[in-house]
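Notes to accompany the following structure.
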Amino acid sequence: MLELPTHLFPSLKATLAFIITDGKWNIPRIILDFPLVAAQIMQVTLLVSPLPDKCAWIHSPDEELSSKLAFQFLNPAPPNLDWATAIWRPCIPPSHSFIFWRFMLSKLPTDENLQLRGCTLVSMCPLCYNEVESSTHLFLECAFS
């Protein structure tokens, strides 16, 4: 809200304790020159007795960090694949369902995916010879296909 230039950020050393004195706001004059900022600060209710600082994990309902929650945060569950039930039907040949399934999971052995796995090769679409071979290009963008 102050629209300060980013090069000034390292020189800003004040902490919240600097503007709270005896449980009351002691807003510096420079901030009072910005009435919207000062009004927002004044709306924050200060506690009568200070509470001890504690580490809180914002992704937990009780703010406690457990190894299970950390693992789930770093390795989120895969999304529910609604399209997966639609492609595996008796009326669709399994070979088509299998290719579509691999396409949606980005697991087709295209040059793009092989390069991500460490294979060194020059890539060219074998159908139009204009673009890099990728799943998106082969199925959605290639003029030939």
I need every pair where a residue in the stretch 95-112 that is part of a helix (DSSP H, G or I) has its Cβ under 9 Å from the Cβ of a residue that is basic (Lys, Arg), sequence separation at least 6 or different chains.
Ser97/Arg89; Trp101/Lys107
Quick one: how many residues across the stretch 16-28 are at pLDDT below 80 and under 35 Å from the mean Cα position of the chain (by Cα)?
2
Scan the stretch 43-82 residue by residue and report those that are outside any loop (DSSP other than H, G, I, E, B) and either loosely packed, with under 11 Cβ neighbours inside 10 Å or at pLDDT below 85 (or both).
Ser67, Lys68, Phe71, Leu74, Asp82
Residue under evaluation Thr85, criteria (1) over 30 Å from Val132 (Cβ atoms); (2) at pLDDT 85 or above, criterion not met
(2)
Return only the number of the condition from (1) among the charged types (D, E, K, R); (2) within 19 Å of Leu140 (Cβ to Cβ); (3) more than 27 Å from the chain's Cα centre (by Cα) that Glu112 does not satisfy.
(3)
Please go through the stretch 127-145 and pick out each residue that is part of a loop (DSSP other than H, G, I, E, B) and surrounded by fewer than 11 Cβ atoms within 10 Å (Cβ to Cβ).
Tyr129, Ala143, Phe144
Confirm whether Ser95 is modelled with pLDDT of 90 or more and either exposed (fewer than 10 other Cβ atoms within 10 Å of the Cβ) or under 27 Å from the mean Cα position of the chain (by Cα) (or both).
yes
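The values are calculated or read from the model by the stated rules, or taken from the named source; none is laboratory data. Remember, predicted model here, so these are calculated numbers, not experimental data. Note that each Cβ is placed from the backbone with ideal geometry, even for glycine, and that neighbours are counted across all protein chains shown.
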